[in-house]
Structure formats: C-alpha cells, structure tokens
Amino acid sequence: MAGACYKCPVSLSVFKRSLSVAPRGCGSAPRSLLPGWRLGERGLQEAARPSSALRPASFYRHTAFLCLSCQESMSESLRTCYLYLNQTSRSFAAVIQALDGELRHAVCIFYLVLRALDTVEDDMSIPLDKKVPMLNDFHTYLYQDEWCFTESQEKDRQVLEDFPTISLEFRNLAQEYRDVISDICHRMGVGMAEFLEKKVGSMKEWDQYCHYVAGLVGIGLSQLFSASQLEDPEVGRDTELANSMGLFLQKTNIIRDYLEDTQEGRAFWPQEAWSQFAGRLEDLAQPEKLESALSCLNLLVTDALRHVPDVITYLSRLRNQSVFNFCAIPQVMAIATLSTCYNNPMVFQGVVKIRKGQAVTLMMEATNMRAVQNIITQYSQEILQKVSLTDPSRDKTLHILAVIRDKSALSQSSLPSRTHHLSPMYLSAAMLLAALSWQYLSTTAAQAQGTGDMQGQ
C-alpha cells in the first residue's frame, strides 16, 4: 500500500554489507535485468560469488572511497541515492560513478527509478489487479512528493520505501534529463504490464519483450548521453542502434540462464524456437534431449549475434571516454558469454561462467574501439570453430559471423584507433580496476576454499 514513508539514516555498515554479490532473487515474474548495467557486473559475478562475510576489509575501503570521496558537495538526498546505487547495482556501480560531469547523476537516478519499477514487477506478493496499474502509472509517481510503497518483500525494496528521496533528486535534474527518464519509465512500465501474463511465443515477441525490458534502457541511456552534450545528438536519435545494444545483452542473459530460469518456473526462451526441438521447454534439460537442446541453443545464439553489427556501429560513434567504457564493457562480456554458451551442454546442466582472469582482461582492454573490435573478432572466431556440420542453424550462423567479420574489418580500416585519445588517467584507472578485481577475486576464492576446508574438517 502506498503511503507516507519515513526516512532513516543509511549507515556505512549497511552500505558495505549490501555490496556482496548475491544471486538474483527467485520468482516467476518476467525478468528485467537493466542489462546495460547488470551484464557488466555479472562479469565479476561469473568468476566468483562470495558472500559479504568473505570479502577482505581492504575491498570495502576501496569501494567506499570510490563513492564517498566526491560526496562533500552533494545534498543529503543525493548522497543517499548513491548509497542505494551501490546497494542495488553492486560492483558495476563504480562504472556509473566514473561517468563524467552531471551525466553521472542523471544515470544514477535513471538506474534507481528503473530499479524501483523492476522491483514492483518482480514482487510476486503484489496481486495483479494492483500491480498492473502501478506499472502503468509508475512514471507519474516521479512528480508525487510523498509517494512510496512499503509492502514489498523484495531485496531491493528500499528504493520503493524511500522513493521520495529518489523522486526528489529526479525533480532536481535538468529538464532534458527528466523528460528522457519519465518517458522511458512510462514505456517500460506499460511493456512490463503487457508481459506479466503473456508468454514469449514467437521470435518477434522475443524481440518485443527484450525491447521493453532492455532495449528501452539502451535508448534512454543514449538519449541521456546526447542530452549531456558529451555525445553527438545522433547517438540519442538512432534508437534502432540503441535498441540493439540492449537486445544483445538481454538475449545473452536469457540464453545463459536457461537452467536457473526453468528450475524456478520462468520461461524466456521463445516457444517458436524451442518447440522445434521439444514438447516442453524444460525437456531440453533431459540428457536424452541433448542434441536437440544444443540445436535450440545454437539457434538462439545465432539470433543474438545478429545485433553485433549494430553494436559495432554504435560504439564507433562514441567520443567520450567515460561513456565508451560504460557501454563497451557489458558488450564484450556478452560476446564472451555467448562464445562460452555456444554448443555447450553446461547451459542445460549447470552454471556457465566466464573465468575470472578472462573477465578482468576484458575490463582492462575494452577502453578503445580497436581493442573492442579485436575482442569481437576473437570470440566470433571461437564460435566459428564450434559450428557443427550437422547443426540446423549452421548456414545462418556462418552468415552472421561473416557479416560480423566484414563489419569489424571495415571499421578497423575506416576508423582511427581511440588509443591516441586516451588520457593516462583513464588507462591507469582501467589497469587499477583490473588489478583490484583480480586481487579481490583471487582473495575471495582462496578464502572460500579455506572455509570449505574448515567445514569439511
């Protein structure tokens, strides 16, 4: 029930505890992962999933400093928003906070507004007759000073309980930012409401679903980039490319998480695809169905790959280094994840992970267009080497890989390397981030092993 909510101080200790990399919450609601952020942070999560109790104290000091060092000039409500950002976006919050100028605040508030909307969608304790109007009307709450929702049981419920703080900072943004955020929130809420009881049937509906929960995020971010004048107006106007950025990430998430989703009663693989190979989606996990399951998997990976040429074009237009890093890291994580998933039985048997060293390398290298093109070429070649002579989607897979290869080659020859435009600060920051990530992952993995040994004894 919406009603007056009471603010309470958010202590640093709560902030620290919230940074633990937790698995996604359970539930059968349609998934909206805000993938422009989520897949990037999952690059670290794929390497290790320690509890907060296993995190070294030095990690907290570094992470807290990243947020707190620039807070002296902020209002109390804006500082609270950044605490919520770190609580709900975990490791990738650092990349948001690395954005330049006022764009940083706009993206922070954009994230929190969509996280609040997503929390309503995910909360299975809210009856549909109440949830649907909330989703449809959520954008109007941005202009209601006191609106909040105190009945959620979701782990991110603080963004609903203290929504007045978030909406206040939303109203403090420049008009051009408010217009973008309100519009995307409205369109996403309507789309979420539509798919609450609607299964993803055709491939076209798969694109539509991914547009609502991910493509709109890409469009909104692109419009914020342009509104900040850090990027050209063309970046915000070309909604087709921005939509592809979101769809590529979302489809990668859906493909990778087949087993987890089906075990928890969620179905995001389009029926048009899986019905060619099984009577029920969950049947693909049966050992005797492995050949059919891999054929379905490869079909969906091939469909996701068709967005890569748009990703290359989009990234090649970016000129601001902080925006480029923000956009490029999730995309290279996605192509690496798809390469790992392609023709991989583990998609139906367990968890498909990016190795921790691989994740750190990608984060360190994805700082210029030439490097990103090389990464895309590398993983496209890996997929090419796995294509079976008997795979039903073989011809389509080979075709899209050829398109990606040609697109990368064309971009390599026509665009100058961004390396010359990188400041030493950005290169040092990228190397430092990679080094800290590696140190953290290695430390927590060792501690986890030690804890396991002690429990065994």
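The values are calculated or read from the model by the stated rules, or taken from the named source; none is laboratory data. Please read these numbers as outputs of a predicted model, since none were measured by experiment. When we count neighbours, we look across all protein chains shown, and the Cβ atoms used for this are built from the backbone with ideal geometry, even at glycine. Note: areas computed on protein heavy atoms with side chains; ligands, DNA, RNA excluded. Shrake-Rupley method; radii C 1.70, N 1.55, O 1.52, S 1.80 Å.
Structure data summary
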item: Accessible solvent surface per residue of the stretch 323-409, calculated while the other protein chains remain in place, 1.4 angstrom probe, Å²; result: 40
item: Amide H partners (placed H, <5 Å) of residue 353, local residues excluded; result: none
item: Proximal lysines to residue 396, defined as alpha-carbon separation beneath 16 angstrom and excluding residues fewer than eight positions away on the same chain; result: 386
item: Sparse-neighbourhood loop sites, GluC sites (Glu not before Pro) in the stretch 136-193 - DSSP loop, at most 15 other Cβ within 10 angstrom; result: 146, 151
item: Ranking by accessible area, most exposed first, for 186, 307, 105, 399 with a 1.4 Å probe; result: 399, 186, 105, 307
item: Phi to ³J(HN,Hα) by Karplus 6.51 cos²θ - 1.76 cosθ + 1.60 over the stretch 214-225, Hz, x for Gly, Pro; result: 9, x, 5, 5, x, 5, x, 4, 4, 5, 5, 4
item: Heavy-atom accessible area per residue - the stretch 84-209, 1.4 Å, Å²; result: 35
item: Sulfur and carbon atoms: percent of accessible area, the stretch 160-264 [1.4 Å]; result: 45
item: Within straight-line cross-link reach of residue 130, lysines at Cα separation under 26 Å, skipping those fewer than 8 residues along the same chain; result: 7, 155, 198, 199
